[in-house]
Amino acid sequence: MARSSMQKQKLLYLQKILLEKTDESHGLTINEIKEELERYGIKAERKSLYDDLEILQTFGLDICTLRTSTVRYYIGNRDFQIPELKLLVDAIQSSKFITRKKSLELIEKLGHLVSENESSQLQREVYVTNRVKTVNEHIYYNVDKIHNSISLNKQISFQYFKWDLDFSNGAKIIKTPRRDGKAYVVSPWALCWDDENYYLIAYDSESEIIKHYRVDKMEQIRLLDDERAGNEKYRDFNPAKYAKSVFSMFGGEECEVKLLVKNELIGVIADRFGDDVYIVRYDEDNFTVTVNVMLSPQFYAWVFGLDGGVKILSPQKAATEFKDKILQYID
């Protein structure tokens, strides 16, 4: 590339160098900046660099100086600071719906928002945990398609899968389509993130009820020409309340349940159902709370896991089912 052409790009490369090479702990002198520019085939005079730095500052780049035996220039404030990016990295790692491959790609992209030296702090975090990740690489595009269908007020069709065992050649876990591969047709209304998974909340015209679907188990999503149905059903629907009541998003009969809870478990109740639930003092050590839940094995497992700290008072059906579930494991 001609010298004059490279000179026109000098400001862009100067900004690139400062963003990539500098931070509060790593500054560059004017001579070092000149050397970095020369790597791109750009010659620069000291005076012109001072003018260029001033232009970038006026443009909005936070160029700071550190004066010791010489003057060093570095980028101060950025769109994201290291502590903020570490939070995002941890969120990416702990999300089961993001595959390990995509996690690495996203963290690498986040690293471009800070200097090369600071980026290494994010990369080391990748190996801290070994969480189980989804294997569906299409989930990011699935989410985008669903958002598009909602904004365009269109129905969608898709295939829905489940996990099965295949003993034909040893033993393998395989993914098989539900309903023998017949397409599901629904009206999407919302996306919910629960228990580290994405769920689609949609209206099923065939059964005339609102259902939910794991997005990572959806494939071949297509936008249809038909407009969404179920507007009247969804108008009175509370997605946040629905997510609270559906334990681990497994189906079951929705029911209003009265629980007797030890006082020290108030945090558990607030985390699960929110801090706006209505509680009543029962005695010095316990309180009662009435909540809507799905009477599912996951709900009963949650009660059992609290080691007697939560008891089901009503309805009797729920208390009886809970006892029956426990008796199943006793000879």
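Observations on the model:
- Residue within segment 25-39 that is farther than 30 Å from residue 197 by Cβ, surrounded by fewer than 17 Cβ atoms within 10 Å (Cβ to Cβ), touching a strand residue (DSSP E or B) at 6+ places or on another chain (Cβ under 7 Å) and at pLDDT below 95 present: yes
- Test: residue in segment 216-233 that is in contact with a Phe, Trp or Tyr (Cβ under 6 Å, 6 or more places away or on another chain), modelled with pLDDT under 80 and buried (at least 18 other Cβ atoms within 10 Å of the Cβ): no
- Subset tally (residues that are over 16 Å from residue 294 (Cβ atoms) and assigned to a helix (DSSP H, G or I)) for segment 250-282: 9
- Applying a threshold of 8 Å to beta carbon distances and a minimum spacing of six or more residues, or different chains, the list of pairs starting in segment 238-249 at a residue that is at pLDDT below 70 and ending at one that is in a helix (DSSP H, G or I) reads 244/272; 244/273; 247/298; 247/299; 247/302; 248/298; 249/243.
- Residue in segment 60-70 that is assigned to a helix (DSSP H, G or I), open to solvent by less than 40 Å² (accessible area, probe 1.4 Å), among the aliphatic types (A, V, I, L, M) and in contact (Cβ under 8 Å) with a residue 24 or more places away in the chain present: no
- Taking the criterion of being among the polar types (S, T, N, Q) and over 23 Å from residue 102 (Cβ atoms), the residues of segment 140-179 that qualify are 151, 153, 155, 157, 168, 169, 176.
- Segment 107-143, subset modelled with pLDDT of 85 or more and outside any helix (DSSP H, G or I), residue nearest to residue 23 (Cα to Cα): 115
- Matching option when the condition is touching a residue at least 24 places away in the same chain (Cβ under 8 Å) and open to solvent by 90 Å² or more (accessible area, probe 1.4 Å), among 321, 256: 256
- Scanning segment 285-309 for residues that are part of a helix (DSSP H, G or I) and over 13 Å from residue 259 (Cα atoms) yields 297, 298, 301, 305.
- Residue that is at pLDDT below 90, of a type outside the set (Phe, Trp, Tyr) and open to solvent by 20 Å² or more (accessible area, probe 1.4 Å), where the choices are 313, 327, 306: 327
- Residue in segment 263-280 that is least open to solvent (accessible area, probe 1.4 Å), counting only those that are charged (D, E, K, R) and at pLDDT below 90: 272
The values are calculated or read from the model by the stated rules, or taken from the named source; none is laboratory data. For clarity, every value in this text was computed on a predicted model and none was experimentally measured. Neighbour counts are summed over all protein chains in view; Cβ atoms, including those assigned to glycine, are modelled from backbone coordinates with ideal geometry. Remember, those area values only see protein heavy atoms, side chains included, never the ligands or the DNA or RNA. Shrake-Rupley method; radii C 1.70, N 1.55, O 1.52, S 1.80 Å.
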